[in-house]
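What follows is calculated from the coordinates using simple rules that are stated; it is not laboratory data. None of these values were measured; they are calculated from a predicted model. No Cβ is skipped: glycine too gets one built from the backbone with ideal geometry, and neighbour counts run over all protein chains shown.
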Amino acid sequence: MAVKFADRMENLKASEIRELLKFAADPTIISFAGGLPAPELFPVEEMKKVAVAVLEESGQTALQYTTTEGNVKLREQIAERMNRKFQTKVTLDDILITSGSQQGLDFSGKIFINEGDVVLVESPSYLGALNAFKAYGPKFIEVPTDDNGMIIEELEKILAKTDNVKMIYVIPDFQNPSGKTWSMERRTKFMEVVNKYEIPVIEDNPYGELRFEGEIMPSLKAMDTKDLVVFLGTFSKIFAPGLRIGWVCAPEEMLQKYNFVKQGSDLQSSTIAQMEAAKYCEMYDLDAHVEKIKAVYSKRRDLMMKVMEEEFPEGIKWTYSEGGLFTWVVLPEHINARDLLKKCLEEKVAFVPGGAFYPNGGNENTFRLNYSNATDEMLVEGMKRLARAIKSMM
Ligand code: PMP
């Protein structure tokens, strides 16, 4: 072909898994592959009233350009929420509104990564972040994890022998894909190491509020004494992803960079969407809405866990997720989850094979399951089909 693309496009190729998962769009397939919130919980009726209120009270402003950092009321509400939920001490001036936290991930790559720089990620990590960073040509080093989060001794070992580590990307709360949450001890030790090496940390936290049991842990941002942590938040999982409202909460010097990059990328996030999000928080009770989401998801989590317990054969492990949208399954080493997916697609059930979440490959005996977007009946039926397919491969 005569068209020559930028070299970076070499890093961004369609994966085999994406090809396989195209089949999962078939409506007769029960899919645990996506990460979609339950649409029946979206506050549609409330949002109709919110939209009318915004347009009646300030229609011209809502349809006009706004500032790059975004709507003042919304940023105030976000700061208040972060302080209350994640124990930070931030104000609206620490916050920039983005188009979902995905945009914050892309900007982080743009701001911190030169080609060939090292980015440390949890092993496994969020595929969407890995893909966003890949455009900037980093080398990924995976830091091993266990049930309590990143293994800090391993992190130290890597930092001690690696020069050009430019950033550490982590999801300490109900991680995508593993469903795991870092213990308090890991958080504290992690910040000690980070402070020693003074490396920027991108703390991605879309799921933290969706804790079904126990107390929400303090964010890394709340423990940051050296202005190293960038917190990425989003309304996608506690409200609605279609609004595309996320935010970056960062130390002043860093936030300025995000602001420059935001200007160059899209000037600002949608004025009207920001005003609607702020108006919703004013007219209704977002906390109460989050409680509703948690009640439904925790029930679905329980159902999924119950079928796994009853139907999965010996030798298979999975995460008991205390919140969020996902659980993670580890098969015996000889079973490849991509082969299992092929079999499952015949049985009309789908999931995401885990290998994709490891930037340097391997771990093909793992997969991710989502429990937020299936009715109880579909969940039970889909999990039974999955169990049958696994048994046939054991
Ligand atoms: N980070 C993580 C860990 C995610 O799972 C997701 C969505 N699946 C995002 C970021 C992006 O979410 P959004 O852009 O909708 O805020």
Discussion item. Placing unit charges on C-beta atoms (Lys and Arg positive, Asp and Glu negative, everything else neutral), compute the dipole magnitude of the chain about its Cα centre in debye, rounded to 20.
Written reply: 620
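Using unit Cβ charges (K, R positive; D, E negative) and no other charged atoms, how large, in debye to the nearest 20, is the dipole of the range 7-74 about its Cα centre? List each step's numbers first, then the result.
Numbers: 7 positive and 11 negative charges, 9 e Å.
So the dipole magnitude of the range 7-74 works out to roughly 40 debye.
Relative contact order for the range 65-283: what is it in percent, counting Cα pairs under 8 Å that are at least 6 residues apart?
Relative contact order, the range 65-283: 28 percent.
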Worksheet, complete the sentence: Quick calc: nm separation of the 7 Å Cα→Cβ label points for LYS48 and LYS196 -> 5.9
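For the chain, what does the convex hull of the Cα positions come to per residue, in cubic angstrom?
Taking the convex hull of the Cα positions in the chain, it is 155 Å³ per residue.
Please give the charge dipole size of the range 65-283, origin at the Cα centre, charges +1 on K and R Cβ atoms and -1 on D and E Cβ atoms. Round to the nearest 20 debye. Before the final figure, lay out the partial values.
Working: 25 positive and 32 negative charges, 67 e Å.
Using only the charged Cβ atoms, the result is roughly 320 debye.
What order do you get for 342-348, 43-49 when each peptide is scored by the mean count of other beta carbon atoms within 10 Å, highest first?
With the highest mean Cβ count within 10 Å placed first, the list reads 342-348, 43-49.
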Fill in: Percent of beta bridges antiparallel (DSSP, the range 65-283, rounded to nearest 5)
35
Worksheet item: Taking Cα centroids, how far is the range 319-394 from the range 187-228 in Å?
Response: 29
Item to complete: Determine one quarter of the surface area of the Cα convex hull of the range 65-283, which equals its mean projected area, and express it in nm² to one decimal.
Response: 11.2
Worksheet, complete the sentence: With the dipole of the chain defined by +1 on each Lys or Arg Cβ and -1 on each Asp or Glu Cβ, the option from ASN360, TYR284, PRO144 whose Cα lies farthest towards the positive pole is ASN360
Fill in: Kirkwood hydrodynamic radius (C-alpha pairs) into Stokes-Einstein, the range 1-69, 37 °C and 0.692 mPa s, D in µm²/s
186
Worksheet item: Going by how many other beta carbons lie within 10 Å of each one, how would you line up SER219, SER298, fewest first?
Response: SER298, SER219
Worksheet item: Ordered by packing density, taken as the mean number of other Cβ atoms within 10 Å over each peptide's residues, highest first, how do 306-318, 180-192, 158-170 rank?
Response: 180-192, 158-170, 306-318
Discussion item. Once you keep just the Cα pairs under 8 angstrom separated by 6 or more residues, what percentage relative contact order results for the chain?
Written reply: 24
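What is the fewest-to-most order of LEU303, LEU21 by other Cβ atoms lying within 10 Å of their Cβ?
Lowest to highest Cβ neighbour count: LEU303, LEU21.
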Worksheet item: Dipole of the chain (Lys/Arg Cβ +1, Asp/Glu Cβ -1, origin at the Cα centre): which of ILE272, ALA79, SER58 lies farthest to the positive side?
Response: ILE272
Item to complete: Based on other C-beta atoms within 10 Å, arrange GLU56, GLU153, GLU381, GLU276 from fewest to most.
Response: GLU56, GLU153, GLU381, GLU276
Item to complete: Specify which residue in the list CYS344, LEU303, TYR320 is farthest towards the positive end of the charge dipole of the range 282-344, using unit charges on the beta carbon of Lys, Arg (+1) and Asp, Glu (-1), about the Cα centre.
Response: CYS344
Worksheet item: VAL44: net charge of surrounding residues, Cβ under 14 Å, Lys/Arg +1, Asp/Glu -1, itself excluded?
Response: -1
Fill in: Theoretical ellipticity at 222 nm over the chain - DSSP helices of four or more residues, -39500 (n - 2.57) apiece, nearest 500
-13500 deg cm²/dmol
Item to complete: Once you've got the Cα coordinates, tell me which of LYS85/LYS279; LYS139/LYS299; LYS180/LYS226; LYS180/LYS299; LYS4/LYS237 are over 29 Å apart.
Response: LYS139/LYS299; LYS4/LYS237
